[in-house]
Amino acid sequence: MKIWQILIAVVVLVLVAGAGYLYTQVRALEVEQLSDDLWVLRGFGGNTAVLKTRAGTVVVDTMTLGIQGDHIRETARALTGMPTVMIINTHYHLDHTHGNPAFEPGTRVLSTERTLQYLHTVDGDFWQGGAAELMPNETFSDRQTLFVGDKKIELVHPGPGHTDGDLVVIFVDEGVAHLGDLFFNGHYPNIDLEAGGTVQAWPTTLDNVLALNFDRVIPGHGATTDRNGIRTFQRFLQQLGDIGEQAAAEDWTLEQVRSTAMLTEDAGYEPIEFIVSLGLDRGFVLQRAWEEATGQFVRHLDTAGAR
Ligand SMILES: [Zn+2]
């Protein structure tokens, strides 16, 4: 074998090993059981909930990639012994919806009307052809009560925060709420101002969530927790909003905002990373709070949100 042949062989080996590593990382799912009939799947993208009912399986959010959607579908089937009959999408972001097309056409897919609007307008290129069959096909604006087999599920749009179309899922029989990205636990949140997200109104929206009946909490990202976990995140948002307001009132530059020491409620927060940083860090949330308070953003849709 000549040297160049060996070199090529080494390069090919490294590429294959790298691709294998990436594939394994992306497909990896951590499974946590919350009750006899409820599990959380954690992987690259938001937290997925899997509920077993007598009428089949309900899946909340489907992560980012088709291969993740496939793995969620297979894992849910293995855990519950039942095929997925319903998907609930908490909001339109790709890390919660792009696994949908891995499920059977004809599956019930629920979201708010607002979420469906954003899927069409902001992410329309993805939802073409076969993918369009797994777009939300049952929508509501404020509140929806579902009975699936032996289980009761409440879907509530509690107000704007992460976007202006997020819903919260209450698994009534389990006493568990899935908050989607209205709650990042221990991580800096994305604040989608362009899709009606708002630091200013987010704490009040979480008050509306805390008025609902549940004990355990599944966040959109981060570890499962309880109602106090939501309150901790609420204090962080309140402080972040106050900083934005003060910056606007005193004409701070973005550099002044980003160097402020006023933000303390983010102690222990970590930026979300997947092999590389996704940019959701302290500087990002301070920038978004400043942009909201000073009106420096443009909405995707003209009309104000459902609430
Ligand atoms: Zn999101």
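The values are calculated or read from the model by the stated rules, or taken from the named source; none is laboratory data. Since this is a predicted model, take the numbers as computed values, not measurements. Here Cβ is always computed from backbone atoms with ideal geometry, including for glycine, and neighbour counts include all displayed protein chains.
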Q.
For the stretch 247-260: of the residues being of a type outside the set (V, I, T), in contact (Cβ under 8 Å) with a residue 12 or more places away in the chain and part of a helix (DSSP H, G or I), which is surrounded by the most Cβ atoms within 10 Å (Cβ to Cβ)?
A. A247
**Q.** Those residues of the stretch 89-141 which are away from the ligand (no atom under 16 Å from the Cβ), in a strand (DSSP E or B) and either surrounded by 15 or more Cβ atoms within 10 Å (Cβ to Cβ) or within 18 Å of the chain's Cα centre (by Cα) (or both), in sequence order
**A.** R108, V109, L110, T139, F140
Q. Does V40 meet the test of being surrounded by fewer than 20 Cβ atoms within 10 Å (Cβ to Cβ) and β-branched (V, I, T)?
A. no
Q) Residues D192, D164, D226: which one is surrounded by fewer than 21 Cβ atoms within 10 Å (Cβ to Cβ), of a type in the set (D, E) and farther than 22 Å from T80 by Cα? A) D226
Q: Answer yes or no: is there a residue in the stretch 232-240 that is charged (D, E, K, R) and either within 16 Å of the ligand (Cβ to nearest atom) or more than 24 Å from W290 (Cβ to Cβ) (or both).
A: no
Q.
With the requirement that a residue be part of a loop (DSSP other than H, G, I, E, B), modelled with pLDDT of 90 or more and more than 20 Å from D251 (Cβ to Cβ), what does the stretch 281-307 give you?
A. D281, V298, R299, H300
Q.
Tell me yes or no: at least one residue of the stretch 142-153 is part of a helix (DSSP H, G or I), without any contact (Cβ under 8 Å) to a residue 40 or more places away in the chain and closer than 25 Å to D192 by Cβ.
A. no
Q. Are any residues in the stretch 213-223 outside any strand (DSSP E or B) and surrounded by 14 or more Cβ atoms within 10 Å (Cβ to Cβ), and if so, which ones?
A. F214, P219, G220, G222, A223
Q: Write out, first by first residue and then by second, each pair whose Cβ atoms fall under 8 Å of each other, whose residues are 6+ apart or on separate chains, and whose first residue, in the stretch 108-131, is of a type in the set (D, E) while the second is crowded, with 20+ Cβ neighbours inside 10 Å and outside any helix (DSSP H, G or I).
A: E113/G165; D123/Y92
Q: Output the residues belonging to the stretch 226-276 that are in contact with an Asp or Glu (Cβ under 7 Å, 6 or more places away or on another chain) and farther than 28 Å from R42 by Cβ.
A: G244
Q.
Checking the conditions here, which among L182, L193 is under 13 Å from H96 (Cβ atoms) and within 15 Å of the ligand (Cβ to nearest atom)?
A. L182
Q. Can you tell me which residue in the stretch 43-88 is surrounded by the fewest Cβ atoms within 10 Å (Cβ to Cβ), limited to those that are among the polar types (S, T, N, Q) and within 16 Å of V169 (Cα to Cα)?
A. T53
Q.
For the structure I just gave you, tell me whether L263 is outside any helix (DSSP H, G or I) and either surrounded by 13 or more Cβ atoms within 10 Å (Cβ to Cβ) or out of contact with any helix residue (DSSP H, G or I) (no Cβ under 7 Å at 6 or more places or on another chain) (or both).
A. yes
Q | Matching entry among D37, D70 (being more than 16 Å from the ligand (Cβ to nearest atom), free of Cβ contacts under 8 Å to residues at least 40 places away in the same chain and acidic (D, E)) | A | D70
